[in-house]
1. I want to confirm something. Restricting to the stretch 86-107 and keeping residues that are part of a helix (DSSP H, G or I) and open to solvent by 50 Å² or more (accessible area, probe 1.4 Å), which single residue is farthest from GLY228 (Cα to Cα)?
2. Being polar (S, T, N, Q) and touching a residue at least 12 places away in the same chain (Cβ under 8 Å) is the filter here; which residues of the stretch 20-38 pass it?
3. Go through the residues of the stretch 58-80 one by one and say whether even a single one is modelled with pLDDT of 95 or more, touching a strand residue (DSSP E or B) at 6+ places or on another chain (Cβ under 6 Å), among the small types (Gly, Ala, Ser) and over 18 Å from VAL2 (Cα atoms).
4. Anything in the stretch 88-115 that is among the small types (Gly, Ala, Ser) and either in contact (Cβ under 8 Å) with a residue 40 or more places away in the chain or out of contact with any Ser or Thr (no Cβ under 8 Å at 6 or more places or on another chain) (or both)? List them, or say none.
5. Among the residues of the stretch 287-295, is there at least one that is without any contact (Cβ under 8 Å) to a residue 12 or more places away in the chain, among the hydrophobic types (A, V, I, L, M, F, W, C), open to solvent by 40 Å² or more (accessible area, probe 1.4 Å) and within 26 Å of ALA50 (Cα to Cα)?
6. For residues in the stretch 108-131 being basic (Lys, Arg) and more than 22 Å from TYR206 (Cα to Cα), which is least open to solvent (accessible area, probe 1.4 Å)?
7. Would you say ALA49 is touching a residue at least 24 places away in the same chain (Cβ under 8 Å), more than 22 Å from the chain's Cα centre (by Cα) and surrounded by fewer than 17 Cβ atoms within 10 Å (Cβ to Cβ)?
8. For the stretch 23-46, which residues satisfy the criterion of being among the acidic types (Asp, Glu) and under 27 Å from the mean Cα position of the chain (by Cα)?
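The values are calculated or read from the model by the stated rules, or taken from the named source; none is laboratory data. Every value quoted in this text rests on a predicted model; they were computed, and no experiment measured them. FYI the Cβ positions are ideal-geometry reconstructions off the backbone, even for glycines, and counts take in every protein chain you see. To get the accessible areas, we keep the full protein, side chains included, count just its heavy atoms, and leave off ligands, DNA and RNA. Shrake-Rupley method; radii C 1.70, N 1.55, O 1.52, S 1.80 Å.
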Amino acid sequence: MVKLFAYGIRDDEKNALTTWRNQHPEVELAYTDELVTPSTAALANGASAAVVYQQLPYTRETLAALAQNGVKSISLRNVGTDNIDFDAAREFGLQVSNVPVYSPNAIAEHSIIQMSRLLRQTKAMDAKVAKHDLRWAPTIGREVRMQTVGVIGTGHIGRVAIKILQGFGANVIAFDPYPNPELAQSGIYVDRLEELYAQADVISLYVPGVPANYHLIDAAAIAQMKPGVVLVNVSRGNLMDLDAIIAGLNSGQIGDFAMDVYEDEVGLFNEDWSDKPFPDPKIAALIKQENVLVTPHTAFYTTKAVYEMVTQSLDAALMFATGQTPAIAVEY
């Protein structure tokens, strides 16, 4: 019987995991809510594949411990692989897969919802209504269709966002160093990021957090944008220099900001701080601002996305365990 072991299983993932296990009686599938570390690797002893999801690094020590316990592959339930020591993975002969596409709609929808909330000043209006202040002014909104929206990155998520924005009637422009041929025919692309910065009333990012994109939005980029620009980032925290964002908000160069990701989010997001001192003064200050929306990396968090992340990763682990190569295997 094939044996798989899954780490870091949350309560919201258990339905999908149970469904998959019932559909595969030939597989012995065990799991834990603990993350994979050198000390927890022994839980996978005898399993040929480990299914994982975590923001902690997959260090040489962790990968060595998994290999020593017989694990031959790791299947991530997420997209990002930048926290894997691939040199060590190669040394230990570990195969790797991720879930590159689980629900582009989940992330695209969240970005447009947050964008719309900023344009309609819902945070300020909600605060007024909560105090029984039911006056309209001065909390007046703007219409999406009246905005030029700059989309940076036109992969799976960016293209869904563009469709939603065009449904609103927005004027959408886009930049991507690797243009989509179908979109290119529509004339949506600008040739340089500087053109997008100069034209866009709203800018939303849909690009990976690879080294080439590190602090893509920095002080120099912000200075090239329209005064009062609206910025939305649901992609990766390292795409933005948060100090530059804060300076832009303070000066008014940035009018509104929505963030779902943060460069230093590990250990901060997905934790309950309601009865404890909040450890990050930058995020605490941003949460209080009427023109800033902070969500704790929840753009992906829908029932559909969670189901796909669990199911696709388990499918890939089973294929690895039976000598096959899944389509979502990571080449490295």
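1. The residue in question is GLU91.
2. THR32, THR37, listed by residue number.
3. no
4. Answer for the stretch 88-115, where residues must be among the small types (Gly, Ala, Ser) and either in contact (Cβ under 8 Å) with a residue 40 or more places away in the chain or out of contact with any Ser or Thr (no Cβ under 8 Å at 6 or more places or on another chain) (or both): ALA89, GLY93, SER97, SER103, ALA106, ALA108, SER111.
5. No; the residues of the stretch 287-295 include none that is without any contact (Cβ under 8 Å) to a residue 12 or more places away in the chain, among the hydrophobic types (A, V, I, L, M, F, W, C), open to solvent by 40 Å² or more (accessible area, probe 1.4 Å) and within 26 Å of ALA50 (Cα to Cα).
6. LYS128
7. no
8. ASP33, GLU34
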